[in-house]
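See structure below.
The values are calculated or read from the model by the stated rules, or taken from the named source; none is laboratory data. Since the structure is predicted, the reported quantities are computational estimates derived from the model, not experimental observations. Virtual Cβ from ideal backbone geometry, glycine too; neighbours counted across all protein chains shown. Ligands, DNA and RNA are excluded from the accessible area calculation, which covers all protein heavy atoms including side chains. Shrake-Rupley method; radii C 1.70, N 1.55, O 1.52, S 1.80 Å.
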There are 2 protein chains.
Amino acid sequence: MDTINESESLAKYAKALSHPTRLAILKHLENQSCCCTGDLIELFPLAQSTISQHLKELKNAGLIQGELNPPKIKYCINQTHWQQAQVLFLQFFS
Amino acid sequence: MDTINESESLAKYAKALSHPTRLAILKHLENQSCCCTGDLIELFPLAQSTISQHLKELKNAGLIQGELNPPKIKYCINQTHWQQAQVLFLQFFS
DNA sequence: ATTAACTATCGTAAATTTACGATGGGTAGA
DNA sequence: TCTACCCATCGTAAATTTACGATAGTTAAT
């Protein structure tokens, strides 16, 4: 990956991490390994649609992935992109 | 620092890093150790006021500091907060 | 005192983000 | 098929972000 794309990727990951609720969701996923939207609704004083929106942004950034687990949807960390983000932040602060 | 403040601090730092221009400014400061606004204006295809605005956000986030070096203003990385950010990101991805 | 150089701030417009309620879509079981 | 449950998406409003040009402020030298 060239420098420009690295910079854009890093900015994209940073943006995903730039909201406390999204940080909390990710931290929860780190502990629980996975969870569904309903679990998060009980954790945060936010509307269901708002949680869903944050999940969508995390998914768009590539940091999480969701799979069907009827009638629920199971979200977990996308290890590939997670590790890529880790490397990029590490490099940046090196 | 308790968990809540750590989360807010991390979100604040992530927000500062969430724009490619600000990432580039920081990377430039890492290489040059310091620079002034004018140097950056030549590096980016952006208006002077826009650069100044990005510098202000980086300063508000605590990642850089500026000192008078008349007739210029010399910006450099705020090592204390920089290292704190580094630790917080490291912890987060641990 | 004036001027020149450098940079912050103001005012503003367009785009994006964040939040909500309401609606819609999909699946499992009755 | 119908219902209940879970969740995404739509529509929307308020707040924030990003960009610009224009203006104001600060310092050094004339």
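Before moving on, here are some points about what is shown:
- Taken over segment B:38-47, the residue count meeting the criterion of being within 10 Å of DNA strand C (Cβ to nearest atom) and open to solvent by 30 Å² or more (accessible area, probe 1.4 Å) is 5.
- From A:T37, A:T21, residue being over 22 Å from B:A85 (Cβ atoms) and either among the polar types (S, T, N, Q) or at pLDDT below 95 (or both): A:T37
- Filter result for A:K59 (at pLDDT 95 or above, surrounded by fewer than 16 Cβ atoms within 10 Å (Cβ to Cβ) and among the basic types (K, R)): yes
- Note on segment A:67-94: among residues that are farther than 18 Å from A:Y13 by Cβ and free of Cβ contacts under 8 Å to residues at least 40 places away in the same chain, the one that is nearest to the other protein chains (Cβ to nearest Cβ) is A:E67.
- In segment B:9-38, the residues that are more than 7 Å from every other protein chain (Cβ to nearest Cβ) and touching a residue at least 40 places away in the same chain (Cβ under 8 Å): B:S9, B:K12, B:Y13, B:A16, B:L26, B:L29, B:E30, B:S33, B:C34, B:C35
- Taken over segment B:56-82, the residue count meeting the criterion of being under 18 Å from B:S7 (Cβ atoms) and away from DNA strand C (no atom under 16 Å from the Cβ) is 1.
- In the set (1) crowded, with 18+ Cβ neighbours inside 10 Å; (2) at pLDDT 95 or above, B:T50 fails one condition alone, (1).
- Residue in segment A:20-35 that is open to solvent by less than 30 Å² (accessible area, probe 1.4 Å) and among the hydroxyl-bearing types (S, T, Y) present: yes
- Only one entry in B:Q65, B:Q86 is under 23 Å from A:V87 (Cα atoms), among the polar types (S, T, N, Q) and surrounded by fewer than 18 Cβ atoms within 10 Å (Cβ to Cβ), namely B:Q86.
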